[in-house]
Amino acid sequence: MFSPASLKGDSPTPIDERIRNKYIVIYFTIIILSFIPCSLFEYLYFVFFWKEGLYWMFFLFFPFNILALIYILQFSAIFFSVLFLTIIKMIHPPREGTFKRDIKDKDYFYWNLRNIAKKWPLFVNASNPFPWFKNRFTLRFLGTKIGKKVICDNTWISSEFVKIGKNVILGMGSTILTFGIEQERFILKRIVIGNGVIIGAHCSLMHGTIMKEGAKLSAHSYTNPNQVLEKDSIYIGHPAKLKRDI
Amino acid sequence: MEKNYESKFKVEFLSTSGVYKTPFTVIILFQFFIGGIILVLINLWFSNHLYFLLTGNQFFLMEPRGEWYEWLLLPMSLYANILLFAFSIILFSAGIFKVLNWLHPPQEGVFKKGSKDWKYMHRRFWTAYFPIWLARAIPLPWADIVVFRFFGIRIGKNVVIYEGYIDPEFIEIGDFTMTSLHICIFSHLIYQDKVLIKKVSIGTNCIIGPQTIISPGTIMQDGAILGANSYTWVCQELKSELIHVGTPVDKTFPIQSLEESQLKAEKIKKSKVFDGQHSKINIEKGGENK
C-alpha cells in the first residue's frame, strides 16, 4: 500500500521489438488523442478566466487546474485505449493456446498489438494517489474480471485471461502472469482464482494456474505452469507443494 | 502462561499485510479537501499581493501590502504549491492519527474481523496512506522517514529506507540500519479472517537484503544481516553479527572481514574447480555419477 512510486511503474509485459518499432504509431496516437480533452479543458479555462477583473481567479485556481488536468488525462487514456482495443479485438479475437513466437503468427502479433494499446493507460494510472485506481478500476476496462472486496492494490496483474473471485487477498509485490515464453513457443493460458483465496507477499503465479475456493499460497513461493491448487488447502515452497488440509 | 502467549502467534502460512476498502477510506477525500483549502488561502494572499504590485489596488484590504521582492517567488510558485499541499496534509493527518490512538490505543495480539481493534487498524492505515504516498512522490528522499516518525515508528539516525513497503506502526529501527530494494516489513498479518499484530524490532547496524520479507514479531539483534531473497517466520530471532539466509531463515554464516574474503576468493581462483576447462569436465562427471 505504501510502496514508493518508483516501484509501482508500468506494465512489465514485453513487447516484441520488431512489432514495437513498426507499430509505435498506435502508441503515439493514443497518447496524442488522450491529450485532446486536456487541451480542450485548458482552452475553456483560459477563455473563462483570462478576462479583466478575473485574473486573480485564474491564478487562484491554477493548482486545481493542473490537478484536474491529470485526472482528465487518466480517464481519457482509458477511453482511447479501450477504443483501440475493441478495434484490434474485432480484427482478431484473443484466444488461449500455444503459438509460435514469430511475427507471422497471428495470435502472437495481435497479443503484442494489444499490449501496445494498453501500455499508456497502465503507465499513467500507476501514478494516481487512490490505491484502487490502477488495478481495481483500470484493469476492469481492459479485460480482467475482479470480484468484490478484493485486496489487490500492490500486485502486478496481467490485463487479460485473469478471473479473480470475491474476498480474495493478493499479496504485496506478487505477480500474476498469464503468458509464458519458452524458447520458440509462446503460451497464453487462463488463470482462475476462486473465492476466498489468500496469496502471500512476493508470490508469482505462472500461466494456467487454477486456485480453487479457499486455497492458500504462503509468501515467497511460486506455482508451476498449469498447477491446480486444491480447495481449502495450504501450499508452500519453490514450486508450491501441499502442506496439509485445514 | 508464557507458552500460551507464544502459541497464540503460531501460523501455518504467511500471507500479507493489507486493508480492505471501508467507509473510512473517504478520509483521503477529506485530506485532499484540507490541503486544497490551505492552497487556496495561500494563493489568494499571494495573488492579491501581485495584483497590488501590478495595479495599485487590492481585491481584499490586507496589511502588510505586497513588496517588490515577492516577484521572486513567482517562478517557484508551482513547486512551492506542491510542497505546501504535501506538508499541510502530512501535519493534518498526523493529528488525526494521534486522535485515533487516543480513542483506542493500538495493541498487539490476534483480532477477529469486525472487532473494534480490526476497525481501528483499518482507520489508522487509511489515515496514514495518503501522506506516505505524498511523501514518496515528492523528490525529497528524507520526507518519507520524517512521515514515518510522525506515525509512531521509531527510526534512528542515518537509516536507509527508500524503496520498500513498511507498515505505519509497531516497528522500531535502530541507527545506521540499511535496507535494500523491494523489501516488505510487516507488523500486521492477515490470517484466516483474523489479523495478527506483533512488534518488529530491528537493531543498529543491521543490513536487510533485496526481495526479503520480515514478518511480525521478528527481532533483529544489533549487526544482524538478512541475505537476499529470504524471509523470516513469525516471532523469529536473528542473532547479532551473523548472516542469515533461507526461506524461511534456517542457515547462518559468520561475517568475514574484507581481507579474509579476498584470501578465500584467491584460493578458489587458484584451485582447479573454477578453471575454465576443468570445470566442464567436473560438471559432466557429476552428471554421470548421478
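The values are calculated or read from the model by the stated rules, or taken from the named source; none is laboratory data. Computed from a predicted model, the values in this text were never measured in an experiment. Positions of Cβ are generated from backbone atoms using ideal geometry, with glycine treated the same way; all protein chains shown enter the neighbour counts.
Residue B:171 passes every criterion in (1) touching a helix residue (DSSP H, G or I) at 6+ places or on another chain (Cβ under 9 Å); (2) crowded, with 20+ Cβ neighbours inside 10 Å; (3) under 22 Å from residue A:130 (Cα atoms) apart from (3). When B:111, B:170, B:130 are checked against the criterion of being assigned by TED's automatic domain parsing to the domain that holds residue B:233 and over 19 Å from the mean Cα position of the chain (by Cα), a single residue qualifies: B:111.
Scanning segment B:12-50 for residues that are buried (at least 18 other Cβ atoms within 10 Å of the Cβ), closer than 24 Å to residue A:67 by Cα and small (Gly, Ala, Ser) returns B:35, B:47. The residues of segment B:71-90 that are more than 10 Å from chain A (Cβ to nearest Cβ), more than 26 Å from residue B:132 (Cβ to Cβ) and in contact (Cβ under 8 Å) with a residue 12 or more places away in the chain, listed by number, are B:71, B:73. Only one entry of A:200, A:214 meets the criterion of being within 14 Å of chain B (Cβ to nearest Cβ) and surrounded by 21 or more Cβ atoms within 10 Å (Cβ to Cβ), and that entry is A:200.
Assessment of segment B:14-22 against the conditions (within 13 Å of chain A (Cβ to nearest Cβ) and farther than 30 Å from residue B:234 by Cβ) yields no matching residue.
Residues in segment A:126-154 that are closer than 27 Å to residue A:24 by Cα and within 14 Å of chain B (Cβ to nearest Cβ): A:126, A:127, A:128, A:133, A:134, A:135, A:137.
In segment B:237-246, which residue that is of a type outside the set (D, E, K, R) and touching a strand residue (DSSP E or B) at 6+ places or on another chain (Cβ under 6 Å) is nearest to residue B:11 (Cα to Cα)?
B:238
Return yes when residue B:169 is modelled with pLDDT under 90, acidic (Asp, Glu) and within 30 Å of residue B:224 (Cα to Cα) and no when it is not. So residue B:169 passes the test. Residue A:64 meets each of the listed conditions (1) within 14 Å of chain B (Cβ to nearest Cβ); (2) crowded, with 17+ Cβ neighbours inside 10 Å apart from (2). Residues of segment B:153-168 that are in contact with a Lys or Arg (Cβ under 9 Å, 6 or more places away or on another chain) and more than 16 Å from residue B:133 (Cα to Cα): B:155 alone.
Summed over segment A:134-156, the residues that are assigned to a strand (DSSP E or B), surrounded by fewer than 22 Cβ atoms within 10 Å (Cβ to Cβ) and among the aliphatic types (A, V, I, L, M) give a count of 1. Among residues of segment B:108-123 being among the hydrophobic types (A, V, I, L, M, F, W, C) and under 16 Å from residue B:25 (Cα atoms), the one that is surrounded by the fewest Cβ atoms within 10 Å (Cβ to Cβ) is B:118. For segment B:274-283, the count of residues that are farther than 22 Å from residue B:170 by Cα and modelled with pLDDT of 90 or more is zero. Evaluation of residue B:21 against the conditions (1) over 23 Å from residue B:138 (Cβ atoms); (2) outside any loop (DSSP other than H, G, I, E, B) shows that the sole unmet condition is (2). Here residue A:111 meets the list (1) more than 30 Å from residue B:37 (Cβ to Cβ); (2) assigned by TED's automatic domain parsing to the domain that holds residue A:226; (3) crowded, with 21+ Cβ neighbours inside 10 Å almost entirely, failing just condition (2).
Per-residue answers, yes or no, for (1) without any contact (Cβ under 8 Å) to a residue 40 or more places away in the chain; (2) of a type in the set (A, V, I, L, M, F, W, C); (3) out of contact with any Pro (no Cβ under 8 Å at 6 or more places or on another chain):
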residue	(1), (2), (3)
B:175	yes, no, yes
B:179	yes, no, yes
B:190	no, yes, yes
B:194	no, no, yes
B:205	yes, no, yes
B:210	yes, no, yes
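Identify, please: which residue in segment B:14-31 is of a type in the set (Phe, Trp, Tyr) and in contact (Cβ under 8 Å) with a residue 12 or more places away in the chain and is, among those, farthest from residue B:67 (Cα to Cα)? So the residue we want is B:20. Give the residue that is farthest from the chain's Cα centre (by Cα), with candidates limited to residues of segment B:28-63 that are within 9 Å of chain A (Cβ to nearest Cβ) and aliphatic (A, V, I, L, M). Once the filter is applied, the top-ranked residue is B:54.
For segment B:133-221, which strands (runs of 3 or more DSSP E) that fit wholly inside it have 1 or more residues that are within 9 Å of chain A (Cβ to nearest Cβ) and not β-branched (Val, Ile, Thr)?
By residue number, B:164-166, B:183-185, B:188-191.
Of everything in segment A:176-199 that is assigned to a strand (DSSP E or B) and more than 17 Å from residue A:143 (Cα to Cα), the residue that is nearest to the chain's Cα centre (by Cα) is A:180.
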